[in-house]
Every structure is written in structure tokens, then in C-alpha cells.
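The values are calculated or read from the model by the stated rules, or taken from the named source; none is laboratory data. Since we're looking at a predicted model, the values are computed, not measured. Glycine gets a Cβ as well: all are built from the backbone with ideal geometry, and neighbour counts include every protein chain shown. The accessibility values were calculated without ligands, DNA or RNA, using every heavy atom of the protein model including side chains. Shrake-Rupley method; radii C 1.70, N 1.55, O 1.52, S 1.80 Å.
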Amino acid sequence: MLGHSDKRNYYRMMVNAQVQLMINDPESGRIINAICRDLSATGMSLEIDEPLEMGIMLYIKMESSNPSFPPLSAHAKVMRCAQEQEDCYQLGVQIIELN
């Protein structure tokens with residue numbers, strides 16, 4: 001039987017796909033471009049150019065040039081944001097609902 005961390009690693013897939021994030025604030029209409037580096041059954045690891053606050057709700061749209069990887073759209077919540085380099089932040093999001 002797999003433990004919690006084993007399940008997370010088992011479903012984890014390394015990807016390199018462009019992603020568009022829209023903050024769930026109808027007035028902002030702001031779109032942030034990101035790169036998805038890691039995808040699991042419950043979340044994603046993204047690289048972005050600016051920090052986002054924990055707890056913010058996002059709408060995510062991802063398309064891949066790989067035909068075996070279908071387009072993905074989801075609502076997600078920011079769970080982690082850490083600065084990796086001067087202009088690069090590592091964003092961890094939890095997928096709330098797939099669309």
C-alpha cells in the first residue's frame with residue numbers, strides 16, 4: 001500500500017508547458033504567463049516572474065504541443081510561492097476543480 005508521499009510522487013509528471021493564469025478577480029482581468037514544470041494528480045509547480053500571495057484563487061489554462069497531453073483548464077489555489085532567483089518565483093498550486 002502506498003503512503004501519502006508515495007501517492008504524490010507516483011502521480012507526478014515532469015512537464016515543460018506554457019500556462020496562462022488568471023486571478024479570480026473579475027475586475028483585474030490580469031493574465032500571468034507561467035511555465036508548468038511539474039504536474040500531479042492534485043497540483044502543479046509553476047515558474048512565474050512575479051510573486052503571488054498564498055490563498056489566491058486562480059483559473060489555469062494549459063496547452064501542450066505534445067498530442068498525448070490534452071489541454072487542461074482548472075481552478076486552483078496558491079499554496080506556496082518562493083523566490084528561486086532574482087526574477088523567478090516557484091509557485092505551488094492545489095487543483096480545486098478541473099474544467
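Using the basic label-point model (7 angstrom from Cα toward the beta carbon), what is the residue 56 to residue 75 distance in nanometres?
1.8
Given contacts defined as C-alpha pairs under 8 Å and at least six residues apart, what's the relative contact order of the chain, whole-number percent? Walk me through the intermediate numbers first.
Details: 225 pairs, mean separation 24.1, N = 99.
Relative contact order, the chain: 24 percent.
What accessible area per residue, rounded to a whole number of Å², is obtained for the chain using a probe radius of 1.4 Å? Before the final figure, lay out each step's value.
Numbers: 6730 Å² over 99 residues.
I get 68 Å² per residue for this part.
Only helical DSSP H runs with n ≥ 4 go in: add -39500 (n - 2.57) per run for the chain, normalise by residue count and round the 222 nm mean residue ellipticity to 500 deg cm²/dmol. Could the numbers behind the result be given before it?
Details: 1 runs with 7 residues, N = 99.
One gets -2000 deg cm²/dmol as the mean residue ellipticity at 222 nm.
If the chain between residue 85 and residue 14 were fully stretched, how many nm would it gain, using 0.36 nm times the residue separation less the Cα-Cα distance?
Values: separation 71, 0.36 × 71 = 25.56 nm, distance 2.04 nm.
Difference between extended and current length: 23.5 nm.
Hey, in the GNM for the chain with a 10 angstrom Cα cutoff, which one of 76, 17, 34 fluctuates hardest?
17
Given all pairs of different Cα atoms, what value in angstroms does the Kirkwood hydrodynamic radius of the chain take?
Taking the inverse mean of 1/r over all distinct Cα pairs, the chain comes out at 13.9 Å.
Given a 1.4 Å probe and the protein chains all in place, what does the accessible area of residue 86 round to, in Å² to the nearest 10?
150
Could you work out what % of the accessible surface of the chain is carbon and sulfur, using a 1.4 angstrom probe and leaving DNA, RNA and ligands out of the count?
Answer for the chain is 49 percent, counting heavy atoms of protein chains only.
Under a Cβ-only charge scheme (Lys and Arg +1, Asp and Glu -1), can you give me the dipole magnitude of the chain about the Cα centre, in debye to the nearest 20?
Numbers: 8 positive and 13 negative charges, 103 e Å.
Computed about the Cα centre, the dipole is about 500 debye.
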